[in-house]
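In what follows, a single structure is set out as structure tokens and then discussed.
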Amino acid sequence: MKVLPFIFIVLIFYFFIPFTVSACNPVVYSFDKATNYSAGIHLKSVSSSFELPDIIEFGLLINVEDSGYPFYTLTIEFPERDFSEFFVLNLEEVYNIDLSTLSNSIGKYLLFEYTSEINNALLDLVIDGVSLFNKTELPEWHSDIQVIQGILSNADEETTGDLPGELFITTVEEITMIFPFYITSEIVNANGKEVIGYYDQRTLNTIISLEIKE
């Protein structure tokens with residue numbers, strides 16, 4: 001009869017004590033490169049985007065807008081849910097569809113797969129109280145716009161291709177934010193200097209496969 005109390009004490013020690021210790025010492029998670037969670041790692045850099053899993057949808061194509069070849073912006077409506085959304089399509093990355101086929105498909109339904117990213121959209125860079133984007137005056141940003149102050153880097157040459165480059169802003173806390181942007185000569189001249197960046201977080205939906213339903 002003395003065996004049962006002993007087993008009961010062992011079970012309490014095995015299950016209750018570890019739970020108590022873990023409750024008193026919770027694991028702290030932080031963003032690492034904006035896509036993975038890492039236990040106990042301090043945030044050192046933030047990616048220009050946060051990508052969500054691929055999504056498959058079925059919607060009505062209502063508009064095709066040229067965004068600079070090979071990119072096109074599609075407006076797709078979802079009548080059952082009573083809303084529409086914008087999607088970016090790179091024609092060079094989909095098969096058996098050209099611009100003519102796409103334009104003639106307005107009013108037809110599409111079965112498509114897309115990725116969704118939350119991007120840091122850079123709105124302005126200010127150095128010594130002067131905007132590098134707005135030559136006349138400093139705009140008044142609404143309260144939802146986010147601000148970062150630090151050293152500008154990775155902007156030592158102008159962007160010459162069709163795709164944007166990436167510029168970095170590093171704070172005194174050594175947190176670096178990455179922004180996709182077409183780098184101009186004004187930005188190159190500010191490289192290595194302290195700037196104030198104004199940015200907004202926006203969703204970019206990119207179609208990766210597409211099928212037109214007749």
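The condition of being of a type outside the set (Gly, Ala, Ser), at pLDDT 95 or above and not assigned by TED's automatic domain parsing to the domain that holds ILE56 holds for ASN154.
Within the range 131-183, the set of residues being under 30 Å from PRO70 (Cα atoms), surrounded by fewer than 16 Cβ atoms within 10 Å (Cβ to Cβ) and touching a Ser or Thr at 6+ places or on another chain (Cβ under 8 Å) comprises SER153, GLU158, GLU166, TYR182. The test for being modelled with pLDDT under 95, assigned by TED's automatic domain parsing to the domain that holds ILE76 and at negative phi holds for ASP98. Counted as qualifying within the range 152-214 are the strands (runs of 3 or more DSSP E) with 1 or more residues that are within 30 Å of ILE62 (Cβ to Cβ) and not aromatic (Phe, Trp, Tyr), namely 176-181, 194-213.
Number of residues in the range 53-78 that are among the aromatic types (Phe, Trp, Tyr), surrounded by 13 or more Cβ atoms within 10 Å (Cβ to Cβ) and over 19 Å from LYS108 (Cβ atoms) equals 1. Under the condition of being of a type in the set (Asp, Glu) and assigned to a strand (DSSP E or B), which residue from the range 110-136 is modelled with the lowest pLDDT? My answer is GLU117.
The values are calculated or read from the model by the stated rules, or taken from the named source; none is laboratory data. A quick note: this is a predicted structure, and the numbers were derived from the prediction, not measured. Heads up, the Cβs are rebuilt from the backbone with ideal geometry, glycines too, and the neighbour counts pull from every protein chain shown.
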